[in-house]
Amino acid sequence: MSTHRSNASGLVLAITAGCVTPVYPGDLPLSDNVVDWRDEIIYQIVTDRFANGDFSNDYGANLYDPSAYHGGDWMGIVDRLDYLETLGVTALWISPVVKNVEADAGFASYHGYWTQDFTRTNPHFGDLSALRTLSDEAHRRGMKMILDIVTNHVGQAFYYDINQNGQPDEFGIGQGGEIVPLAQAEPTSDLVRISEWDPDFSAAGISSWTSLGPSGRAPVVFVADPEINRVPPYPELFAAPEAYHRKGRVTVWTNPAACHCPASGCAYDDPCRRQQELEGDFPGGLKDLDTRRQDVRDALFEIYARWIDVGDFDGFRIDTLKHVEPEFWNDFCPRIRKHAKERGKHNFFMFGEAFDGDDRLLSSYTHGDGVDGVFYFSQYYDVMRGQFSSDSPRTCEIERRHCNRFGCSADPCGEGGPIPALYDDTPRPDGLLGFDGRPLSARQVPVGFISNHDVGRFLFFMPTTWSQATKRQTLHLALTYLATMDGIPSFYYGVEQEFSGGNDPANRETLWDPQSYDEQVTEGGALVTRPKRYDENGDGSADAAWGPYDTGNPTFRLLQKLIGIRKGSAALRRGDLKFRWSSRAATGDDAGILAFERSTEAETVLVVLNLSPAQESHTRFGAATMAVSFAAGAEVQDLLDPASRFAVTPSGCQTAGGGCLDVTVPPRQARILVVRR
Ligand SMILES: [Ca+2]
Ligand SMILES: [Ca+2]
Ligand SMILES: [Ca+2]
Ligand SMILES: [Ca+2]
């Protein structure tokens, strides 16, 4: 742990009447070192859980409560930049930095998504000086900084005083729709319980009830509970009821009947569902800002433009994209781009989180003037969860997923006709540029991932029948796919330590806590917890103990190697993507095979994965062998296993301009093939 600590008190952002004025010791110069975002390797950090570099801000921290602050902070990340540099990642996406409501219903705001004051730092993570130290130290090593931002909501700041008694209550609804004590609530009603902190969505706005019946819009009561920093939000504009939609909590996800949809759920674009998602409070009582108001839009622009300046950020990961109307993004993103450029920061990158597996919704954000790219949730669900974690994978489904992006002349699974491209290929005005100065479109820069802080770890979702060895092989296979696919890969902290936690908060393990490295194994018929160990000398038996920030375990080393391979290959970073083989069945010569080329004019890399857990497979089916762009007569070599070489032949496939290649891949293994020189 480092001991150098500065105490730069009084470094705050002052906001008056929606206008942000910096109070900072001079405007420091900003870095501008992003050549091409496709060259970057993102590493996602939950700041509270990554490293504790400053014990003085550990108030309220409790390492043994998964929903409490654990003590991680920005100086901790500074202390561990060597670790990140050893892994090879190049861009750090950190938790939101703003001051939060401290706690809500027994849960702490360690994740950072419960904003109270948009202009101050979260004191658990450090002050502005610590944040800038992190940014400067990261930039000094060539790493970029990505800030996680929220524009949709604030934390649990107010309650709706539905019964107008001046205090927050919980009650039920009686048979006649009247308010009754919870115990007397009508059990057949959809609405049996109402919390004034988090009432169910009402399109007309949350209304009041008194003994005389409905009585207009419910008063909104901001709370002053300084003990947990539940005080009116800042800037002041956000302490006014008019700044919010005031329509209550989104219910349609758990109760599709609220929108007259079948139990299986509403269509992604169902107008009733979309209204709830856009105007409803995010579950947990996160109060939804009325982002249609220009003064709200202006304030949010000024807030986040200023964070670029003081934190020297190179990009935003944007939270809850689908909960804010597209018109907001068409206003916000171009202004942020312009501001960043004016401050000398080119290639500022904004990617949005629409937590949805439907490409029709995700791709809608690639049109218009909004975000530069999306967080690739459809790939996560259909490829990572759907195929990699399957006992009987159909890799044509993976190819089909990409057809939604680029368009395909035929359905790879042979089940339909041509697939039109849903993702727009039109670059944003004044948007991202590639290394060669050509503009990049949103469909070129999806941010891919195998896990993140909102879903269980990749290892967690694998069938429980699989052995530890199979799970690890599958993890390695998915990492190989992500590291060789187009777009920008994002790795969630702890994946390199084989963390396997389930849904939130179990997926937010503490990287410095030895208990995070424990595993449960069956020994002599009993389940025991013991520290993880791995086979360091390769003799088949585990000998090395796994410790915090371990850099010798097999998954750390594999990821380090993959990152090195990607960095060393322009084709893998920026090359065109062309699928060469996928399989339609879980049996046969080619079961589980997925093969794709990444090519620039100078270089082609062929990636061949075998997703089958059961068999060694080949890039052939019947008499047909895979066509490749390598010339007949060439010999290709596997970068992951240099002893493995294959000859490109002139016949056996239908090909134009290239040769034919029969590659053999063991179950759950991958090959990254280049021409041997
Ligand atoms: Ca700390
Ligand atoms: Ca009340
Ligand atoms: Ca909203
Ligand atoms: Ca050993």
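The values are calculated or read from the model by the stated rules, or taken from the named source; none is laboratory data. What you are looking at is a predicted structure, and each value in this text was computed from that prediction instead of being measured. Every residue, glycine as well, gets a Cβ built from its backbone with ideal geometry; the counts of neighbours run over all protein chains shown. Just the protein is used for accessible areas: all its heavy atoms, side chains included, with ligands, DNA and RNA removed. Shrake-Rupley method; radii C 1.70, N 1.55, O 1.52, S 1.80 Å.
Listing for the model above:
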item: Single unsatisfied condition, Leu527 versus (1) in contact with a Gly (Cβ under 8 Å, 6 or more places away or on another chain); (2) outside any loop (DSSP other than H, G, I, E, B); result: (1)
item: Enumerated strands (runs of 3 or more DSSP E) restricted to segment 139-238, each holding at least 3 residues that are at pLDDT 95 or above and closer than 30 Å to Tyr43 by Cβ; result: 144-149
item: Output for segment 267-281, where each listed residue is hydrophobic (A, V, I, L, M, F, W, C) and either open to solvent by less than 20 Å² (accessible area, probe 1.4 Å) or under 24 Å from Trp114 (Cα atoms) (or both); result: Leu278
item: Number of the exception - Pro262 against (1) in the same structural domain as Met145 (by TED's automatic domain parsing); (2) open to solvent by 40 Å² or more (accessible area, probe 1.4 Å); result: (1)
item: Flag if Asp539 is at pLDDT below 95, closer than 22 Å to Arg49 by Cα and part of a loop (DSSP other than H, G, I, E, B); result: no
item: Residue within segment 317-336 that is free of Cβ contacts under 8 Å to residues at least 12 places away in the same chain, more than 16 Å from ligand 4 (Cβ to nearest atom), assigned to a helix (DSSP H, G or I) and open to solvent by 30 Å² or more (accessible area, probe 1.4 Å) present; result: no
item: Subset of segment 422-437 [out of contact with any Asp or Glu (no Cβ under 7 Å at 6 or more places or on another chain), buried (at least 16 other Cβ atoms within 10 Å of the Cβ) and part of a loop (DSSP other than H, G, I, E, B)]; result: Tyr423, Asp424, Pro427
item: Tally of residues being touching a strand residue (DSSP E or B) at 6+ places or on another chain (Cβ under 8 Å) and not in a loop (DSSP other than H, G, I, E, B) across segment 240-264; result: 5
item: Number of the condition not met by Arg508 [criteria: (1) farther than 30 Å from Pro446 by Cα; (2) modelled with pLDDT of 95 or more]; result: (1)
item: Pairs with Cβ under 7 Å, 6+ apart, first in segment 552-566 and closer than 11 Å to Glu498 by Cα, second hydrophobic (A, V, I, L, M, F, W, C) and at pLDDT below 95; result: Asn553/Trp546
item: Whichever residue in segment 578-621 is within 16 Å of His402 (Cα to Cα) and outside any strand (DSSP E or B) and, among such residues, is most open to solvent (accessible area, probe 1.4 Å); result: Arg584
item: Residue match in segment 55-65 (condition: within 17 Å of Glu496 (Cβ to Cβ), away from ligand 3 (no atom under 16 Å from the Cβ) and in a loop (DSSP other than H, G, I, E, B)); result: no
